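In what follows, a single structure is set out as structure tokens and then discussed.
The values are calculated or read from the model by the stated rules, or taken from the named source; none is laboratory data. On a predicted model such as this, the values are computed, not experimentally measured, just so you know. FYI the Cβ positions are ideal-geometry reconstructions off the backbone, even for glycines, and counts take in every protein chain you see. SASA here: full protein model, heavy atoms, side chains in, ligands and nucleic acids out. Shrake-Rupley method; radii C 1.70, N 1.55, O 1.52, S 1.80 Å.
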Amino acid sequence: MKPRIALFALALTTLTAAPALADNHFIFEVDAGLQTDLGADDNSGRALGGTFGFGGRIPGSKPAYYFIGRVGVAEQTYDGSSAFGAPTLDCASTEWALGARMYLPITDRFRAMLQLSLGETMQYTDVYYDGRRPLRVDEDLFSIFADAGVQYRFTNHFSLGALVNLTWHPEDRPDLVTRSAGIDTDGAIGQMRFGLTTTFHF
């Protein structure tokens, strides 16, 4: 049993000790985490997304640059005020974006990630009152997405990380749906997301 443990420890040390070359030209990433409204106190929800990118390092430069495309889904639930009939609001959104990502090396395997992209958020809100059929409200919003995070690259083909995303809707209008349910989101200008990432490099 001990030789197997020693062999496993040697293999793990070899994988994590050698520098990651970052010479791969494509990335595929899955992220999952929590999302909340930006600029307003409210319940958090779940978010899931996928990113595909292509690029690499410019010869003689340490940062790596990628063009990226991302799609994501999220959902949040709001409990309305009893003074407004105690409705429940189930909010779901689908988003897509195109943009650019930059990796900044901190060590051979640990690096920072910065990303900026533009796209659209499609929001769907179902309003439920006791004894009534649900009411659905849809809205499409132009969105600006800014991401920052860190990654640890275990091998040349696999890394794990964490990120923070800020989503801003420049043309966002007052949310009459949540306001009519007695929920104060007037200060919200977008969403904030905290997530963990799994990235494959090839």
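Amide H contacts for Arg57 (H built 1.01 Å from N in the peptide plane; partners 5 or more residues away or on another chain; cut-off under 5 Å): Tyr65.
Taking every alpha-carbon pair under 8 Å whose residues sit at least 6 apart, segment 54-136 reaches a relative contact order of 26 percent. Placing dummy labels 7 Å off each Cα toward the beta-carbon, the span from Tyr129 to Phe54 is 5.3 nm.
Residues Val127, Val137 ordered from highest to lowest accessible area at a 1.4 Å probe: Val137, Val127. Put a dot 7 Å past the Cα of Val71, heading toward its Cβ, do the same for Glu139, and the two dots end up 2.4 nm apart. As a fraction of the 1.4 Å probe accessible area of segment 58-155, surface on carbon and sulfur atoms comes out at 62 percent. Amide H contacts of Arg46: Gln35, Glu75, each under 5 Å away and 5 or more positions distant or on a separate chain (H built 1.01 Å from N in the peptide plane; Pro and chain starts excluded).
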